[in-house]
1. State which residue is nearest to the chain's Cα centre (by Cα) when the search covers only region 428-446 and only residues that are open to solvent by less than 20 Å² (accessible area, probe 1.4 Å) and either closer than 25 Å to D74 by Cβ or of a type in the set (A, V, I, L, M) (or both).
2. For region 26-68, name all the residues that are in contact with a Lys or Arg (Cβ under 6 Å, 6 or more places away or on another chain) and either farther than 23 Å from N464 by Cβ or among the β-branched types (V, I, T) (or both).
3. Could you identify the single residue in A57, A49 that is closer than 26 Å to E489 by Cα, part of a helix (DSSP H, G or I) and among the small types (G, A, S)?
4. Quick one: in region 374-425, of everything that is outside any helix (DSSP H, G or I) and touching a residue at least 40 places away in the same chain (Cβ under 8 Å), which residue is surrounded by the most Cβ atoms within 10 Å (Cβ to Cβ)?
5. Considering region 123-168 alone, what residues qualify as being among the acidic types (D, E) and within 24 Å of A348 (Cβ to Cβ)?
6. If you take just the helices (runs of 4 or more DSSP H) that sit entirely in region 124-184, which of them hold at least 3 residues that are touching a residue at least 24 places away in the same chain (Cβ under 8 Å) and either in contact with a strand residue (DSSP E or B) (Cβ under 6 Å, 6 or more places away or on another chain) or within 28 Å of R91 (Cβ to Cβ) (or both)?
7. Within region 293-327, track down each residue that is under 30 Å from T224 (Cβ atoms), open to solvent by less than 30 Å² (accessible area, probe 1.4 Å) and among the charged types (D, E, K, R).
8. Pull up region 189-203, narrow it to residues that are more than 19 Å from W114 (Cβ to Cβ) and outside any helix (DSSP H, G or I), then point me to the one that is most open to solvent (accessible area, probe 1.4 Å).
Amino acid sequence: MSTKTPNKSVLVSSRKSILELTAAEALTFLLKPESYCSLDLPPYIYFDALMEDVHNALQGKQLSGLSSRPRNHDDVNYTILNNKDGKYAWRPFQLIHPALYVSLVHRLTEDDNWELILNRFNDFSANEKIQCLSYPVVSLSDEKDKAEQVSHWWHAVEQRSIEMSLDYEYLLETDITDCYGAIYTHSIAWALHSRADAKQNRSDRALLGNIVDAHIRDMRHGQTNGIPQGSVLMDFIAEIVLGLADLDLSEKIQGANIDDYRILRYRDDYRIFVNNPQDGERIVKFLTEITIGLGLKLNPAKTRASSDVVKASIKADKLAWISRKHSEKSLQKHLIIIHDHAVQFLNAGSLVVALNDFHKRISRRNKLIEQPMPLIAIVVDIAYRNPRTYAICAAILSKLISLLESEDEKIAVANKINAKFEKIPNTGYIQIWLQRITLPISADFVYEEPICKLVADETVALWNKNWISCTDLKNAIDVTKIIDREKREAIEPVITMDEVELFLAKDLQGYYA
């Protein structure tokens, strides 16, 4: 059976959709460390050797023949808890058990299975008025895959939305509440094979949808609700389920004889363009019914309509940042401007842009006219409430701390910063970056996050291996491989721009979501 590229995607010079890859290329892409873990981590934490060794241990073999049932064991995946608001909201990012991750990638990228997947995505995208713009992309430039994904969002979603104002008078926006945490794993088989075929063959272990379902339930104690968050692989699995929602939505809209509309979807965010507002309301109603059938639900707090398509196409935080003064001659006043923006727009992408600009500014300084302590306090307060900024705030703090006069003063300030973050729960992710700041200062700082213990050469198990019977596979999952000790020993006190900045070649102003 022949395949084609969904949505008639045009290959641009800097990126390529996963749906334009061969099975072998998709295998390579999904086994990249950047695809395995989408979190920003210090450069001495890496997964290259781990992924390669597990891939070699599993190549040509079925995981089921090398293990018992992982779903019957605790701590199969490794979870990094990330506080969302400086209070009690939190989000779990999971590093999937390497054996399960690689096994699932192997099965998805078998030639016949990959062809089935591509053909199914062709079905999802048959209606050109409903476009998915969030397929994972591989970079063909010097930029990271993640940077190209963000650049793609800017071009395909924001800029395309603005263009839509030439043809449409109204824009309705909505998204799905806790999409990854709510996905019903059996719906993956529905999406890949149709509901009827999946239900008729629910006991067929060779059915691809059942294979994917089983792998995910093995990661989650057999649970049928939710998929792990934190990898390109799971982003792609989510697209399979959301592709079924696109297909169902298309059928409902056609059945209602609505023709004057366009829909842009980026993961679980929907932008619905219409000229008749009643058509838009009906489409949202259809989408509500479809998502409920998949165990999902729309977020009423983020469902809104606007007759100003241009303004609604640009995120509110970005509009606010564009309209305000960006900096001051004084570093403290510059930071206060950013802090004020952070208070209004928690965890916003524009906040990362603003902090990147500030980071570039102070990176050129060898001394400060102003006292560094107030600057440090402001940056800590921004990071405290905005986990999205942890990496860039860590870079700024490392520079400010480096400008303190004595080693004792640096240690005292680092202790104060650590004590500040100890006041809030679920701070495993910030501990990883706090360790990056303090490693060059003193080896006496202690962090409880297991990855931090690995960095400190303590013996820690990130993943439960008791369910694996194959010695070679067990040996391949050696957690010490994820720490590059040469890089750890060579790190400088000041975190460099290439450690934390998303875009290395492009100017990120405007691109960042």
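1. So, considering only residues that are open to solvent by less than 20 Å² (accessible area, probe 1.4 Å) and either closer than 25 Å to D74 by Cβ or of a type in the set (A, V, I, L, M) (or both), the one nearest to the chain's Cα centre (by Cα) is Y429.
2. Within region 26-68, the first condition is being in contact with a Lys or Arg (Cβ under 6 Å, 6 or more places away or on another chain), and the residues that meet it are 42-44, 49-50.
Listed by number, the residues that qualify are P42, P43, Y44.
3. Working: A57 fails: closer than 26 Å to E489 by Cα.
None of the other options fit; the residue is A49.
4. Taking region 374-425 as the starting set, the residues that turn out to be outside any helix (DSSP H, G or I) are 386, 403-406, 422-425.
Imposing the further condition that a residue be touching a residue at least 40 places away in the same chain (Cβ under 8 Å) reduces the set to 386, 424-425.
Details: N386: 24, I424: 16, P425: 11.
That would be N386.
5. The first filter runs over region 123-168 and keeps only residues among the acidic types (D, E), leaving 123, 128, 142-143, 145, 148, 158, 163, 167.
Correct list: E143, D145, E148, E158, E163.
6. Numbers: elements: 145-153, 160-164, 179-182.
Here the list reads 145-153, 179-182.
7. none
8. Checked region 189-203; the qualifying residue most open to solvent (accessible area, probe 1.4 Å) is R202.
The values are calculated or read from the model by the stated rules, or taken from the named source; none is laboratory data. Keep in mind that this is a model prediction, so the values were computed, not measured. Backbone-built Cβ (ideal geometry, glycine too); neighbour counts: all protein chains shown. When the accessible area is computed, the model is the full protein with side chains, heavy atoms only, and any ligands, DNA or RNA have been set aside. Shrake-Rupley method; radii C 1.70, N 1.55, O 1.52, S 1.80 Å.
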